[in-house]
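Colleague: Quick one: structure below, then a few questions.
The values are calculated or read from the model by the stated rules, or taken from the named source; none is laboratory data. None of these values were measured; they are calculated from a predicted model. When we count neighbours, we look across all protein chains shown, and the Cβ atoms used for this are built from the backbone with ideal geometry, even at glycine. Quick note on the areas: whole protein, heavy atoms, side chains included, nothing else; ligands and nucleic acids left out. Shrake-Rupley method; radii C 1.70, N 1.55, O 1.52, S 1.80 Å.
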Amino acid sequence: MRAAVISFPGSNCDFDMLYALQDFGVDAEIISAKQNSLTGFDAIFLPGGFSYGDYLRTGAIARFSPIMSAVTQAANAGKLIVGVCNGFQILTEAGLLPGQLLPNATPGFICDEVALHVANGETAFSSAYDVDETILIPIAHAEGNYFADETTLNKLEKNGQIVFRYVNNPNGSAHDIAGIMNEQGNVFGMMPHPERAVDAVLGNIDGQNFFKSILSGILTKV
């Protein structure tokens, strides 16, 4: 499996994601947002951070980076696209995922470890977890409040596109949404950071099955 980790100006979790992928034997590399091709990659990861300083809105400027045309092409071709935290925000701004990430219901930056419920364990991002499992994953964001209109939320519910939910909602997200995927099941975004929960030395390995799920899905497709 070859994976690209996109580094935008202001990304600060790109190497966290790179090292997490490499821990699972993935051939991963950092790709600059200035590039315009992702040929040869099986999966693309948009990491957390503050792309372009989060000016205008989170992800609003990154959405126009040269690399995003290649990300869109890869998504349309069925490649796996994963956005974490700021990456999730960028995917919504780019229209690759529905909805929008708004400022937290209680204004301010939240840095914590929160419980997530595996709402759909039959996806390329959650298949290694048990049905209805509860996991602990770190969060670090000021604008993680997921919003969508009722029609969109009902569609997400009906189609099983909600993959992870907050057990105790920290930011006001509609329907307790922590992570969603597109209808096709190949584009995924979540605010919590699974790449920060893969090493026992950090005291949390609940993110390991997230990466095992992705790797299993890629190998199955190959």
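Colleague: Would you calculate, for the chain, the mean residue ellipticity at 222 nm contributed by helices, counting each DSSP H stretch of 4 or more residues as -39,500 (n - 2.57) and dividing by all residues, to the nearest 500? Intermediate values should be presented prior to the final figure.
Modeller: Values: 5 runs with 52 residues, N = 222.
Helices in the chain give a 222 nm mean residue ellipticity of -7000 deg cm²/dmol.
Colleague: Something else: How would 187, 167, 131 rank on accessible area, largest to smallest, probe 1.4 Å? Please list the in-between numbers first.
Modeller: Working: 187 0, 167 70, 131 125 Å².
The ranking, largest first, comes out as 131, 167, 187.
Colleague: Working from the pairwise distances between different alpha carbons, so that the mean of 1/r is found and then inverted, what is the chain's Kirkwood radius in Å?
Modeller: Details: mean 1/r = 0.0592 Å⁻¹.
Value: 16.9 Å, from the Cα pair sum.
Colleague: Probe 1.4 Å, all protein chains in place: accessible area of residue 117 in Å², nearest 10?
Modeller: Solvent-accessible area, nearest 10 Å²: 50 Å².
Colleague: Then there is this: Below 8 Å, C-alpha to C-alpha, sequence gap of six or more: please give me the relative contact order for the chain in percent. Don't skip to the answer; put the middle values down first.
Modeller: Numbers: 511 pairs, mean separation 42.3, N = 222.
This gives 19 percent for the chain.
Colleague: To the nearest 20 Debye, how big is the dipole of the chain about its Cα centre, given +1 on the beta carbon of each Lys and Arg and -1 on that of each Asp and Glu? Mind showing how you got there, number by number?
Modeller: On the way: 11 positive and 23 negative charges, 129 e Å.
Here the size comes out at about 620 debye.
Colleague: Would you check the accessible area of residue 155, probe 1.4 Å, heavy atoms only, in square angstrom rounded to 10?
Modeller: Ignoring ligands and nucleic acids, residue 155 comes out at about 100 Å².
Colleague: Under 15 Å Cα to Cα from residue 158, which aspartates and glutamates show up? Leave out anything in the same chain fewer than 8 places away.
Modeller: 122, 149, 150, 183
Colleague: I've got another one for you. Whole-Hz Karplus ³J(HN,Hα) for the stretch 146-161, in order, using 6.51 cos²θ - 1.76 cosθ + 1.60 and θ = phi - 60°, x for Gly and Pro?
Modeller: Result, rounded to whole Hz: 6, 10, 7, 5, 4, 4, 5, 4, 5, 5, 4, 5, 4, 8, x, 7.
Colleague: Turning to a different aspect of this structure: Report in % the part of the accessible area of the chain that belongs to carbon and sulfur, leaving out ligands and nucleic acids; probe 1.4 Å. Intermediate values should be presented prior to the final figure.
Modeller: Details: 4790 of 9440 Å².
Roughly 51 percent, rounded to a whole number.
Colleague: Provide 11, 213, 37 ordered by accessible surface of protein heavy atoms (probe 1.4 Å), highest first. Don't skip to the end; give the middle numbers.
Modeller: On the way: 11 25, 213 0, 37 55 Å².
Final ranking, largest accessible area leading: 37, 11, 213.
Colleague: Counting alpha carbon pairs within less than 8 Å and at least 6 residues apart, what relative contact order, in whole percent, applies to the stretch 151-222?
Modeller: In percent, rounded to a whole number, it is 18.
Colleague: Okay, next question. Might you report the magnitude of the Cβ-based charge dipole of the stretch 99-222 about its Cα centre, with Lys and Arg at +1 and Asp and Glu at -1, to the nearest 20 debye? If you can, show how the numbers build up before the last one.
Modeller: Details: 6 positive and 15 negative charges, 56 e Å.
The calculated dipole for the stretch 99-222 is roughly 280 debye.
Colleague: With the cut-off at 19 Å, report for the stretch 1-94 the share of all Cα pairs above it, as a whole percent. Present the calculation step by step, with values, prior to reporting the outcome.
Modeller: Working: 1315 of 4371 pairs.
Value for the stretch 1-94: 30 percent of Cα pairs lie more than 19 Å apart.
Colleague: Could you state the per residue volume, in Å³, of the convex hull enclosing the Cα atoms of the stretch 88-175?
Modeller: On the way: hull volume 8.6 nm³, N = 88.
In the stretch 88-175, the Cα hull volume divided by residue count equals 98 Å³.
Colleague: Let me check against my output: what whole-number percent is the relative contact order of the stretch 56-103, with C-alpha pairs under 8 Å and at least 6 apart? Don't jump to the answer; show the numbers that get you there.
Modeller: Values: 36 pairs, mean separation 18.9, N = 48.
For the stretch 56-103, the relative contact order is 39 percent.
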